[in-house]
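The values are calculated or read from the model by the stated rules, or taken from the named source; none is laboratory data. As the structure is a computational prediction, the values presented were derived from the model and not from experiment. For neighbour counting, all protein chains shown are included, and Cβ atoms are generated from backbone atoms with ideal geometry for every residue, glycine included. Heavy atoms of the whole protein, side chains included, go into the accessibility calculation; ligands, DNA and RNA do not. Shrake-Rupley method; radii C 1.70, N 1.55, O 1.52, S 1.80 Å.
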Amino acid sequence: MPLEAGLLEILACPACHAPLNDRTADETPELICTSSDCGLAYPVRDSIPVLLTDEARRPA
């Protein structure tokens, strides 16, 4: 289930403060940092974004 547009507008990557790309409709729901330097992927569990850098997946 995609996040609300209003919520996505105010969320930012905690590591670099770049906007996040909504990938919650995918098989593995996550929010992806749009910065080319960072690119962390934050999980979304039970429709709640987990914006902790320790929980984020590093870019491939």
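Within region 1-47, being more than 10 Å from the chain's Cα centre (by Cα), modelled with pLDDT of 90 or more and outside any loop (DSSP other than H, G, I, E, B) holds for 10, 45.
None of 5, 60, 15 is surrounded by 15 or more Cβ atoms within 10 Å (Cβ to Cβ) and either touching a Ser or Thr at 6+ places or on another chain (Cβ under 8 Å) or hydrophobic (A, V, I, L, M, F, W, C) (or both) except 15.
Scanning region 18-32 for residues that are open to solvent by less than 40 Å² (accessible area, probe 1.4 Å) and more than 14 Å from residue 43 (Cβ to Cβ) yields a count of 1.
So, in region 35-56, of the ones that are of a type in the set (A, V, I, L, M) and surrounded by 15 or more Cβ atoms within 10 Å (Cβ to Cβ), which residue ends up farthest from residue 14 (Cα to Cα)? Here the answer is 44. Within region 35-55, residues that are more than 13 Å from residue 19 (Cβ to Cβ) and of a type in the set (Asp, Glu) have Cβ atoms under 7 Å from residues that are open to solvent by 30 Å² or more (accessible area, probe 1.4 Å) and not in a strand (DSSP E or B) in these pairs: 37/16, counting only partners at least 6 apart in sequence or on another chain.
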